[in-house]
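In what follows, a structure is listed as structure tokens, so that the remarks can point back to it.
The values are calculated or read from the model by the stated rules, or taken from the named source; none is laboratory data. Only a predicted model underlies this, so the values are computations on that prediction, with no experimental measurement involved. Positions of Cβ are generated from backbone atoms using ideal geometry, with glycine treated the same way; all protein chains shown enter the neighbour counts. For the accessible areas, the whole protein counts, side chains as well, though only heavy atoms, and no ligand, DNA or RNA atoms are used. Shrake-Rupley method; radii C 1.70, N 1.55, O 1.52, S 1.80 Å.
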Amino acid sequence: MTDVSPAPAVTAAAILARLDRLPRRAVASAATGITGLVMFFVFYGNFDINVSFIQTCAQIQPGCTPPTAQQWLTLPVVLYLLGYLFGGLVIAPISDRVGRPKALLVTVAFGVVGSVITALATGYPVFVIGRAITGVALGGSLPIANTFIGEIAPAKARAKYTAITFVACAAGAMAGIWAGLIATTPPAPFPEGLPFAIGFDSGWRWMYGVAVLLGLAALAATTRLPESPRWLIEHGRVAEADAIVSTLERKALRRGPLPEPAATIVIPEHTPESAAYRELLGTARYRKRTLLLIAVWFTGYATVFGYSTGSTVVLTSLDFSPPVAGMITAVGGIGFFVQGLFSARWSEKLERRYWLPIGAGLTVLGSVIVAQLGDSIGWAFVGSFLVFFGFNVWVPPTFALSAESFPTRVRSAGFGLVDGVGVLGGAAGILVIAPLVPHLSPLAALLMISGFLVVAAVLAQFTPRTRNRALEDVSP
């Protein structure tokens, strides 16, 4: 039986100080390798519906055509987001009690089961159920994975490590979009389509089959994920935390000496355990942060999910042909991936909250270009690239901010709450915004979708400063 008797506070503090001085090479396989594979899987599962749904809808829903697919997209997206909410509010808090790797395994399993159901769906209701179950994986994995990264990454590189993992998210999203373009649209001369597209019958089923394989690989990798030393210390398992940090140090020492810990981290006096949501909403400090971050994510996600899950259908309803709409979205996916590389290099250069105005400005600019100059396919590509770059560039720093804003004892619960409730903004976007799109001009429609991110950018300016600060200082 594990000895959970507490060690002296200075011992635990020294372990955290040693953890915070580790270079990326020591934690890369865990912080950005295993969690990166999980994020690739769940983001592939989020974006694989984008281009492929037009073919899916025509095969499982009588009367569905490319121009009318928008109305059938609403239910699977909304239920996917409700599954996301369940993952954030119910599954993510489990990791605060049982540990990060065990809870992450549960969320990935939901993704595998949901993908199996979706791939085998013979009718619209079963497809919708599969998407709802798949949503649990993203809603639970985001809080747990980003909490783990925040807890194991050095104080000066939390946003950077989060952004490096987000490259895997972008790669998964791009894979989902391009797979849909190749597997579900007919070959056509570029830029009307892809000359090498296959467009075979039921290509969408093969896409969800690939998701199953990715999920099984992510499950296997997650079994090798070490526990967060901060979580172990929070639960009195200081010796185990010391063993993990020592293993990471030995790995780093193979490639050179390590710097001395800059300072011993001051660990706040232990707070008696209480219900997570009672602490998050019952104390003034964390209640303010929770409500503010919910508002940021709610408005920001209205833009993110408006574009990420339905941009192809939205563009089709605005009179772009399905292959051209898919091509425009696919080029946007490249912008998403390039953004991940950009954020990995630059996200630590600014305080977290300053990235939201930058992202909102680029998204609005890209929307205007698509709407006003979209008759030229070259300009449509430029605009789509900017849109996908812009509505994602703020996400890695805000992931980091959300994890940093809560103490270790309720960190996953806090992230899951603000992200999970915030994702209802995506559902509101689908329910309220999407039906209006066909009745608006392209400029008005795209500016409406982008405008919610502008609101999020304003709200974010009231969030706490977390850059280069120890987690125990930011959130005691």
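What relative contact order, as a whole-number percentage, does the range 50-197 give when Cα pairs under 8 Å and 6 or more residues apart are counted?
Value for the range 50-197: 26 percent.
Taking just the C-alpha trace of the range 333-476, give me its Rg and Dmax in Å.
16.8, 54
What is the percent carbon and sulfur in the accessible area of the chain, measuring with a 1.4 Å probe over the protein chains and ignoring ligands?
Of the solvent-accessible surface of the chain, carbon and sulfur hold 69 percent.
Given an 8 Å cut-off on Cα distances and at least 6 residues of separation, report the relative contact order of the range 283-393 as a percent.
The value is 30 percent.
Expressed as an acute angle from 0 to 90° and rounded to the nearest 10, what is the orientation of the C-alpha long axis of helix 49-60 relative to the principal long axis of the chain?
50
Computed from the mean reciprocal separation of all distinct C-alpha pairs, what Kirkwood hydrodynamic radius does the range 138-290 have, in Å?
20.0
With a bin width of 20 angstrom, please list the P(r) values of the chain as percents of all Cα-Cα pairs, from the 0 bin to the one holding the largest distance.
The percentages, shortest bin first, are 26, 56, 17, 1.
Using the charge dipole of the chain (Lys, Arg: +1 at Cβ; Asp, Glu: -1 at Cβ; taken about the Cα centre), state which of Ala218, Leu253, Val410 has its Cα farthest towards the positive end.
The Cα lying farthest towards the positive end belongs to Leu253.
Taking the Cα atoms of the range 371-437, report the difference between the largest and smallest coordinate on each principal axis, in whole Å and largest first.
53, 26, 11
Expressed as an acute angle from 0 to 90° and rounded to the nearest 10, what is the orientation of the C-alpha long axis of helix 35-47 relative to the principal long axis of the chain?
Taking the Cα atoms of the chain, the angle to 35-47 is about 30 degrees.
What number comes out for accessible area per residue over the chain if the probe is 1.4 Å? Units Å², please.
Dividing the accessible area of the chain by its residue count gives 36 Å².
Suppose accessible area is computed on protein heavy atoms with a 1.4 Å probe; arrange Arg287, Arg131 from highest to lowest.
Result of the area sort, largest leading: Arg287, Arg131.
Return a whole-number percent for the relative contact order of the chain, with Cα pairs under 8 Å and 6 or more residues apart as the contact set.
25
Suppose every Lys and Arg Cβ carries +1 and every Asp and Glu Cβ carries -1, with no other charges. What dipole size does the range 321-429 come out with about its Cα centre, to the nearest 20 debye?
Using only the charged Cβ atoms, the result is roughly 280 debye.
In what order, largest first, do Asp375, Asp242, Asp96, Asp473 sit by accessible area if the probe radius is 1.4 Å?
Sorted descending by solvent-accessible area, the residues read Asp375, Asp473, Asp242, Asp96.
What stretch of the chain, leaving out the sites themselves, is the longest with no chymotrypsin sites (Phe, Trp or Tyr not before Pro) in a DSSP loop having at most 14 other Cβ atoms within 10 Å?
Free of exposed loop sites, the longest segment is 201-461.
About the Cα centre of the range 70-222, what is the dipole size in debye to 20, counting +1 per Lys and Arg Cβ and -1 per Asp and Glu Cβ, all else neutral?
My answer is approximately 480 debye.
How big is the Rg/Rh ratio for the range 91-220, C-alpha atoms only, Rh by Kirkwood, two decimals?
Radius of gyration relative to Kirkwood radius: 1.06.
Rounded to the nearest 10 degrees, what's the angle between the helix 158-184 long axis and the longest principal axis of the chain, both from Cα atoms, 0 to 90?
30
Report the one residue of Phe47, Gly33, Val106 whose Cα lies farthest in the direction of the positive end of the charge dipole of the range 24-140 (charges on C-beta: Lys and Arg +1, Asp and Glu -1; origin at the Cα centre).
In the range 24-140, that residue is Gly33.
Tabulate in residue order the Karplus-calculated ³J(HN,Hα) for the range 357-372, using 6.51 cos²θ - 1.76 cosθ + 1.60 with θ = phi - 60°, rounded to whole Hz; enter x for Gly and Pro.
Ordered by residue, 3J(HN,Hα) equals x, 5, x, 5, x, 5, 5, 5, 4, x, 4, 5, 5, 4, 6, 8 Hz.
Magnitude of the Cβ-charge dipole of the chain, K/R +1 and D/E -1, about the Cα centre, nearest 20 debye?
1000
Go through the chain and flag any cysteine with no other cysteine's C-beta closer than 4.7 Å, please.
Cys169
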